[in-house]
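For reference, the structure is listed below as structure tokens.
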Amino acid sequence: LFLPFIITLHTSVNIKTQKGECFFLTLSGLRLGVELGKSVVYQESNRETRVDVMESVRGQDIFIIQTIPRDVNTAIMELLVMAYALKTSCAKNIIGVIPYFPYSKQCKMRKRGSIVCKLLASMLAKAGLTHIITMDLHQKEVQGFFNFPVDNLRASPFLIQYIQEEIPDYRNAIIVAKSPSAAKRAQSYAERLRLGLAVMHGEAHQSESDMPDGRHSPPLSRTVTGHTGLELPLMMAKEKPPITVVGDVGGRIAIIVDDIVDDVEDFVAAAEILKERGAYKIYIMATHGLLSAEAPRLIEESAIDEVVVTNTVPHEVQKLQCPKIKTVDVSMILAEAIRRIHNGESMAYLFRNIAVDD
């Protein structure tokens, strides 16, 4: 079989901020023993995205690797334009390798907004993608938005290996769910590591899951004549208590697990509560380290001892700002997924012992 044809996307204007991406791609290329395809992606002076494919792709399997930098919308446009260019160049299959899928948090209806994740899935299909490889979608149900195959790989084996090898006395640790909605993920870690489980309940501010739907159609108050409609029972508003911990963390190492670390205020508040309850070390384990805004400074000044994320998103600058941030390399599993898809092999090997709730 021919070797897979791999293209990476990065614009010249952003190349200094994508060192993490280049490192990730170099590892993937070395593991597969292939060179990156020749292509040019850049922005013109009017900020339009232009793509040039510098060699023939006719009849080939093309893998587009796109890690998402700070400028999310530009990265999406690059991916769409490249996919369409390959489609019109008669590529056989166009597979997007998107370790962190953007807009995955916007997968539910809020007020009079839209389900942006569904929109993005439709745009990728229309542009020409025939398959996507991603990792730890925010909600697994997002796979249903696509009308082509999606392989949602898991980073948990790499993070569990890090816990076993890099955290001294991890047998004295307890896995912590930052909220009840994260309890299933935390339970999966706890069962695999044979550790206890604690769940934090109550929040300092309103979470995404508790935001009112708010569409109010028809409006709550309006001037009508004639029939005013039925009197329906009024749903009582939720009132959550201050953050409490269900489970004993005293004298233990607390390991908080989640899928995304972006704005870290919730993690910092959780770490303070766990310290008050007697935890003597606090680790944060997550797949995607977005670490936006003031996240590095807040982590450095907090009670958190270490934040461990994978290299699905470039975060080299944040690591320079905060030495508490550590990186786990997951290029191995993505490279193996590319190889298996190209050779028509089963993907079951990459999902060994993965349950529905993992």
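The values are calculated or read from the model by the stated rules, or taken from the named source; none is laboratory data. What you see is a predicted model, and the numbers here were worked out from it, not measured in a lab. So basically every Cβ, Gly included, is an ideal-geometry build from the backbone, and we count neighbours across all protein chains shown. Only protein heavy atoms, including side chains, enter the accessible area calculation; ligands, DNA and RNA are left aside. Shrake-Rupley method; radii C 1.70, N 1.55, O 1.52, S 1.80 Å.
Some points to look at:
- Placing +1 on the Cβ of every Lys and Arg and -1 on the Cβ of every Asp and Glu, with nothing else charged, gives the chain a dipole about its Cα centre of roughly 740 debye.
- Volume per residue that the Cα convex hull of the chain spans, once the total is divided by residue count, Å³: 182
- FRET efficiency for the pair Phe158 and Glu239, taken as 1/(1 + (r/R0)^6) with r the Cβ-Cβ distance and R0 = 35 Å, rounds to 0.35.
- The helix-based estimate of mean residue ellipticity at 222 nm for the chain, built from -39,500 (n - 2.57) per DSSP H run of four or more residues and divided by its residue count, is -9000 deg cm²/dmol to the nearest 500.
- Of all DSSP beta bridges in the chain, antiparallel share, percent nearest 5: 20
- Remark: spin-label model distance Lys140-Ala125 equals 2.2 nm, labels positioned 7 Å along the Cα→Cβ axis.
- Accessible area of the stretch 5-153 belonging to carbon and sulfur atoms, whole % at 1.4 Å probe: 54
- Quick note on the stretch 116-183: its Rg to Rh ratio, both from C-alpha atoms and Rh being the Kirkwood radius, is 1.15.
- For the chain: accessible area per residue (Å², 1.4 Å): 52
- Solvent-free Debye calculation, one equal scatterer per alpha-carbon of the stretch 267-316: log10 I(q)/I(0) at 0.27, 0.28 Å⁻¹ equals -1.08, -1.12.
- Rounded to the nearest whole Hz, the Karplus-based 3J(HN,Hα) values (6.51 cos²θ - 1.76 cosθ + 1.60, θ = phi - 60°) of the stretch 92-100 follow the sequence 6, 9, 10, 10, x, 9, 10, x, 10, with x at glycine and proline.
- Spacing of the two label points (7 Å from each Cα toward its C-beta) at Arg112 and Glu191, in nm: 4.4
- Carbon/sulfur fraction of accessible area - the stretch 236-346, other protein chains in place, 1.4 Å, %: 52
- Amide H partners (placed H, <5 Å) of Cys322, local residues excluded: none
- Within the chain, longest stretch clear of exposed GluC sites (Glu not before Pro) (DSSP loop, no more than 12 other Cβ within 10 Å): 56-230
- Candidate lysines - alpha carbon under 29 Å from Lys281, same-chain residues fewer than 8 apart omitted: Lys178, Lys184, Lys240, Lys319, Lys324, Lys326
- Under the Karplus curve 6.51 cos²θ - 1.76 cosθ + 1.60, θ = phi - 60°, whole-Hz ³J(HN,Hα) for the stretch 341-358, x wherever Gly or Pro sits: 5, 5, 8, x, 8, 5, 8, 4, 4, 7, 10, 4, 6, 8, 8, 4, 7, 6
- P(r), alpha carbons of the stretch 5-153 - 5 Å bins starting at zero, rounded %: 2, 9, 19, 23, 21, 16, 8, 2, 1, 0
- Where Cα atoms sit under 25 Å apart: lysine pairs in the stretch 5-153 separated by 8 or more or lying on different chains: 19
- Translational diffusion of the stretch 70-126 was estimated from the Stokes-Einstein equation, with Rh taken as the Kirkwood radius over Cα pairs; at 20 °C and 1.002 mPa s the coefficient is 170 µm²/s.
- For Lys92 and Arg171, a Förster radius of 45 Å and the Cβ-Cβ distance give a FRET efficiency of 0.35, rounded to the nearest 0.05.
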